[in-house]
Amino acid sequence: MAHEEFSFETRLLHNKHKVDPATGAVSVPIQHASTFHQSDFDQFGKYDYGRSLNPTREALEDVIAELEGGLKGFAFSSGMAAISTAFLLLSAGDHIVITEDVYGGTFRMVTEVLSRLGVDHTFVDMTNIDEVKQAIQHNTKAFYVETPSNPLMKVTDIKAISLIAKETGALTFVDNTFLTPSYQKPLELGADVVLHSATKFLSGHSDVVAGLAVVNDEDLAKRLGFLQNGFGAILGVQDAWLVLRGIKTLHVRLEQSQKSAMKLAEYLNAHPLVEKVHYPGLESHPQYQIQKDQAGGPGAVLSFELANEDALRTFLANVKIPVFAVSLGAVESILSYPAKMSHAAMPQAEREKRGITNSLVRLSVGLENSDDLIKDFSQAFRHVEQKQLVLQQGDS
Ligand SMILES: *Cc1c(COP(=O)(O)O)cnc(C)c1O
């Protein structure tokens with residue numbers, strides 16, 4: 001039974017898989033079997049082989065479909081497996097219009113794999129609707145959106161792009177990793193395929209790599225289901241269970257992290273050593289209003305720039321609480337360096353064209369006390385200041 005009358009927070013816990021019908025267990029059982037006995041020679045049961053369907057993975061697929069307000073969910077072995085499988089909906093001769101500061105792995109798939117298979121692309125600044133329209137070709141079959149974008153937190157108007165896509169006869173793909181259905185429901189805004197790196201906020205504990213896709217259309221569901229089974233990059237059952245467990249606390253984690261992210265964004269925005277803060281929760285953000293209209297919140301990821309790479313190096317060498325790592329969306333705060341991490345797959349010239357400079361750092365805010373984070377950042381900034389003073393004295 002779908003509890004659509006209840007709020008999102010309640011539905012995170014009370015869905016059709018809240019109790020195992022066979023035992024009453026309140027946690028979804030992990031079904032390891034790779035194959036299932038068929039009692040009828042002519043007619044096989046619902047489950048036959050683990051790649052095609054598995055009850056644990058199916059539970060996660062049902063849960064994400066319900067939370068995104070979609071018809072059918074699919075779980076994959078990573079976010080990139082979900083994204084790459086969704087790209088297989090396209091054929092040689094097709095063209096994609098894609099947001100320019102897309103996740104580095106997606107950039108790599110589009111530029112180095114799809115191009116080789118005859119699927120062409122045009123990168124655009126998706127905040128510029130005219131640029132999007134100008135990029136349309138007779139063979140444009142998909143618009144690929146990431147919002148807020150990684151790592152510059154640009155916000156794309158999902159409704160506007162979906163409308164253009166419909167007029168063009170193309171599909172709209174939205175990578176919803178940063179906000180999750182807790183804050184943003186792309187299908188309700190007109191998108192056709194929602195994609196997730198469930199490695200991030202959905203699971204939330206830096207302990208599983210997983211991907212999800214959700215569609216809202218019977219025919220698309222059939223095609224994507226065929227590709228999931230055909231390509232075979234499915235999520236394993238232990239990992240499906242970890243994502244299911246993470247999802248139960250999604251809303252409280254995200255709310256708390258977002259509160260702290262807002263505080264940190266304001267702190268950084270006022271700090272003299274910070275040149276720029278990219279966070280759609282700040283009123284100064286160029287797409288602040290679009291974000292407010294289409295999402296329940298700005299999320300818990302932001303990025304900021306210092307004066308130069310050297311200042312950033314000193315800051316990162318002295319900051320103590322956040323881990324310095326690839327990834328985001330975890331209980332612990334994570335600082336990452338897009339130029340050498342998430343966007344290392346993008347050549348330097350391409351990165352700089354997109355504004356991903358060597359002095360840009362991304363912060364995914366976790367569940368630490370926000371005052372502790374500010375205290376930590378402040379002492380790291382003092383090191384940057386001291387170093388600048390020493391350098392200035394050396395000059396004179
Ligand atoms: C991490 C990430 C991906 C890739 O997901 P994996 O689980 O690492 O394969 C895709 N999109 C965004 C926005 C991401 O942050």
*How far, in degrees from 0 to 90, does helix 237-248 lean away from the longest principal axis of the Cα atoms of the chain, to the nearest 10?*
60
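Please state the charge dipole magnitude for region 250-395, taken about the Cα centre, from unit charges on C-beta atoms (+1 on K and R, -1 on D and E), reported in debye and rounded to the nearest 20.
Numbers: 15 positive and 17 negative charges, 48 e Å.
So the dipole magnitude of region 250-395 works out to roughly 240 debye.
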*Debye, to nearest 20: dipole size of the chain, +1 on Lys, Arg Cβ, -1 on Asp, Glu Cβ*: 540
_Cα pair distances of region 291-389 binned at 10 Å [whole percent]_ = 15, 42, 33, 9, 0
*Nearest 10 degrees, 0 to 90: what angle lies between the long axis of helix 55-68 and the longest principal axis of the chain (Cα atoms)?*
60
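Can you list the GluC sites (Glu not before Pro) in region 265-309 that are in a DSSP coil and have 14 or fewer other beta carbons within 10 angstrom?
On the way: sites: E266, E275, E283, E305, E309; in loops: E283.
Answer in residue order: E283.
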*Taking only protein heavy atoms and a 1.4 Å probe, what accessible area per residue, in Å², does region 51-125 have with all protein chains in place?*
29
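For region 292-339, run through the trypsin sites (Lys or Arg not before Pro) and keep only the ones in DSSP coil with at most 16 other Cβ atoms within 10 Å of their Cβ.
Working: sites: K292, R313, K320; in loops: K320.
Of the trypsin sites (Lys or Arg not before Pro), the ones in loops of region 292-339 whose Cβ has at most 16 other Cβ atoms within 10 Å are K320.
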*Helix 370-395 sits at what angle to the longest principal axis of the chain, using alpha carbons and giving 0 to 90 degrees rounded to 10?*
40
*asked:* What number results when the radius of gyration of region 204-252, computed over Cα atoms, is divided by 2.2 N^0.38 Å?
replied: 1.36
_Calculated P(r) of the chain - Cα pairs past 32 Å, %_ = 36
*Give me the log10 of I(q) over I(0) for region 92-228 at q = 0.12 Å⁻¹, as the Debye formula computes it from C-alpha points; what are the numbers?*
-0.45
*Per residue, how many Å² of accessible area does region 250-395 show with a 1.4 Å probe?*
45
*Residue-averaged 222 nm ellipticity for the chain, from DSSP H runs of 4+ at -39500 (n - 2.57), nearest 500*: -11500 deg cm²/dmol
_Just to confirm my numbers, what's the Cα centroid distance between region 166-235 and region 309-375 in Å?_
26
_What is the percent carbon and sulfur in the accessible area of region 250-395, measuring with a 1.4 Å probe over the protein chains and ignoring ligands?_
51
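Would you mind putting 105-116, 152-163 in packing order, based on average other-beta-carbon counts within 10 Å, highest first? Numbers along the way, then the final one.
Values: 105-116: 16.8, 152-163: 21.7.
Output ranking for 105-116, 152-163: 152-163, 105-116.
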*Please report, as a whole percent, how much of the solvent-accessible surface of region 1-102 comes from carbon and sulfur atoms (probe radius 1.4 Å).*
55
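Which whole number in µm²/s is D for region 10-130 by Stokes-Einstein, with the Kirkwood Rh taken over Cα pairs at 25 °C and 0.890 mPa s? Could the numbers behind the result be given before it?
Numbers: Rh = 17.8 Å.
In µm²/s, the coefficient is 138.
Compute for region 189-330: radius of gyration divided by Kirkwood radius, i.e. Rg/Rh, restricted to C-alpha atoms, rounded to two decimals.
Numbers: Rg = 18.6 Å, Rh = 17.9 Å.
Rg/Rh: 1.04.
Loop-only GluC sites (Glu not before Pro) in region 1-70, please: DSSP not H, G, I, E or B, and at most 12 other Cβ atoms within 10 Å. Present the calculation step by step, with values, prior to reporting the outcome.
Values: sites: E4, E5, E9, E58, E61, E66, E68; in loops: E4, E5.
In loop regions of region 1-70 (DSSP not H, G, I, E or B), the sparsely surrounded GluC sites (Glu not before Pro) are E4, E5.
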*Which residue, chosen from L250, L220, G70, occupies the Cα position most advanced towards the positive end of the dipole of the chain, where the dipole is computed from +1 (Lys, Arg) and -1 (Asp, Glu) charges on Cβ about the Cα centre?*
L250
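The values are calculated or read from the model by the stated rules, or taken from the named source; none is laboratory data. Because the structure is predicted, anything quoted here is derived from the model rather than measured. Note that each Cβ is placed from the backbone with ideal geometry, even for glycine, and that neighbours are counted across all protein chains shown. For accessibility, only protein heavy atoms count, side chains too; no ligands or nucleic acids. Shrake-Rupley method; radii C 1.70, N 1.55, O 1.52, S 1.80 Å.
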